[in-house]
1. Quick check: the distance between the Cα centres of the range 26-52 and the range 196-239, to the nearest angstrom?
2. Mind giving me the FRET efficiency for Lys244 and Thr47? R0 is 35 Å, r the Cβ-Cβ distance, nearest 0.05 is fine.
3. Determine, for each peptide in 156-164, 16-24, 69-77, the mean count of other beta carbons within 10 angstrom over its residues, then list the peptides with the highest first.
4. Counting just the Cα atoms, what span does the range 9-80 cover along each of its three principal axes? Round to the nearest Å and put the largest first.
5. Among the aspartates and glutamates, which fall within straight-line cross-link reach of Lys246, defined as a Cα-Cα distance under 17 Å, with same-chain neighbours fewer than 8 residues apart omitted?
Amino acid sequence: MSVTGAADRGQIGATADEVRRRLLGMIERGILQPGQKVAAERELAVTMGVSRSTLRQALGALEESGVVRRVPGRGGGTYISAPKVERDLSRIVGVPMLLRDQGFTAGSRVVRVGVATAGEVTGEALGISASDFVIALVRIRLADGVPISLEHAMFPAELVPGLPERDLSGSLYELLDTEYGLRPEEAIEHIEVVAASIDEAAILATEPGAPLISITRTTRDAGGIAFEYSHDLFRADRTRITVKVKGSPSSEKARLRGRVVELVP
């Protein structure tokens, strides 16, 4: 995964930008690995043949773009960040395909699955009665073996008979399409940033209060039938939201072709 466009050269001096590029090259070639602590500033400055102030400019630019993270204190230092997962809201795809397309190894852990009554909120989203039954599924999604999101999904029980007995470790959309003829045609998603609870932090291997990207989604098939209502929590430090939009020909040079949105609490 390329990270060469991670910072704007105009924000730092030419020498610092060269150091930034050299460090990015080391990351891309695997010399510096995600999670690895880099050498102390004094040692790294000597290795790079620059002053510590120049090195700090380069590291500051890399930190701003999320390539590294700096932890203060005696036991702190500069660490190589894990690559972020691009979550493209312009496409309706399952997390496994999303991860595979970006070179990650996708995985899932089923926390629980069972039958429950819909309740008011879920019932309204799915267009069923609050007393109707739904299949409730909770899973942890993994990228290269590391938790990336916590998924809560609900499906009208009458549309997916026998779902709890099936293999739920892979792509749900592929399973729903193959076994039940339910293919996502339209999805409405609401996105916000929330703080991780103690339990959520433990599940997602992050700190309590860490930012999470909360995505609530209602998915419909080509006939307009709502078959999924879900709430996903993505680690904000591992996820980047992409939104593709098109401007009309009359807009200023029709410049709106695609935007990357970083959600920050």
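1. 34
2. Details: r = 41 Å, r/R0 = 1.16.
Result of the calculation: an efficiency of 0.30.
3. Values: 156-164: 16.7, 16-24: 20.1, 69-77: 10.1.
In decreasing order of mean packing, 156-164, 16-24, 69-77 become 16-24, 156-164, 69-77.
4. Sorted from largest, the Cα extents of the range 9-80 read 30, 25, 22 Å.
5. Hits, sequence-local ones excluded: Asp88.
A short reminder: the numbers here are calculations on the coordinates, not readings from a lab. Everything quoted here is computed from the prediction, not taken from an experiment. FYI the Cβ positions are ideal-geometry reconstructions off the backbone, even for glycines, and counts take in every protein chain you see.
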